[in-house]
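Since the structure comes first, as structure tokens, the remarks are kept for the end.
The values are calculated or read from the model by the stated rules, or taken from the named source; none is laboratory data. These numbers were taken from a predicted model, which means no experiment stands behind them. Using ideal geometry, Cβ is built from the backbone for each residue, glycine included, and neighbour counts are taken over all protein chains shown.
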């Protein structure tokens, strides 16, 4: 239980399935504003509670990705059912987040040269073309490719291309390392605040 949205936001994020049960009207700012602030949390579906039927607010919340919008009065069974389905949705979102975090960690383990080779390879460049563009030998390129495949745990070139697409590697490799621009939507914001507890939900 949290007394306000700010108190909830100050709480560390948990790498476990969960959901947020929130009133539309809060003491510090609205539930819809809170929804925008945690829009990057696929592991935290929102169940809204409203004291009256407000079609405009309901539509706005659902369009923004709310899991459920309950208007008082409602039964305990309805709430429990919403929580169960929200936790399942959270498990799916969390699975994607953890997988993305693992890919980011693998990419971060590559050297600058290996990232450049990776970027050119997934663009369909031949080894000799990659070697020419990077000013290295073709044998060296082949060596970097082997290291890239191993570090990224890619079983084939199509698999490596798919991994690069999931990481949104779009920067020109000759512009320098692009690790700083790598999307860290689901991983970078956890940092040292990752926890491992059981499934749960927060009520703001």
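Taking into account only those residues within the stretch 1-32 that are under 20 Å from the mean Cα position of the chain (by Cα) and part of a helix (DSSP H, G or I), which is surrounded by the most Cβ atoms within 10 Å (Cβ to Cβ)? The selected residue is 8.
Look at residue 94 and say whether it is in a helix (DSSP H, G or I), closer than 16 Å to residue 21 by Cβ, in contact (Cβ under 8 Å) with a residue 24 or more places away in the chain and assigned by TED's automatic domain parsing to the domain that holds residue 19.
Working: in a helix (DSSP H, G or I): yes; closer than 16 Å to residue 21 by Cβ: no; in contact (Cβ under 8 Å) with a residue 24 or more places away in the chain: yes; assigned by TED's automatic domain parsing to the domain that holds residue 19: yes.
For residue 94, the condition - in a helix (DSSP H, G or I), closer than 16 Å to residue 21 by Cβ, in contact (Cβ under 8 Å) with a residue 24 or more places away in the chain and assigned by TED's automatic domain parsing to the domain that holds residue 19 - is not met.
Selection within the stretch 59-83: residues that are touching a strand residue (DSSP E or B) at 6+ places or on another chain (Cβ under 7 Å) and more than 28 Å from residue 10 (Cβ to Cβ). The member of this set that is surrounded by the fewest Cβ atoms within 10 Å (Cβ to Cβ) is 78. Going through the stretch 141-160 one residue at a time, which ones are buried (at least 16 other Cβ atoms within 10 Å of the Cβ) and assigned to a helix (DSSP H, G or I)? Hits for the stretch 141-160 are 141, 144, 145, 147, 148, 149, 151, 152, 160.
Take the stretch 33-81 and flag every residue that is part of a strand (DSSP E or B) and within 30 Å of residue 99 (Cα to Cα).
Result: 46, 47, 48, 68, 69.
Taken over the stretch 107-132, residues that are surrounded by 17 or more Cβ atoms within 10 Å (Cβ to Cβ) and in a helix (DSSP H, G or I) amount to 13.
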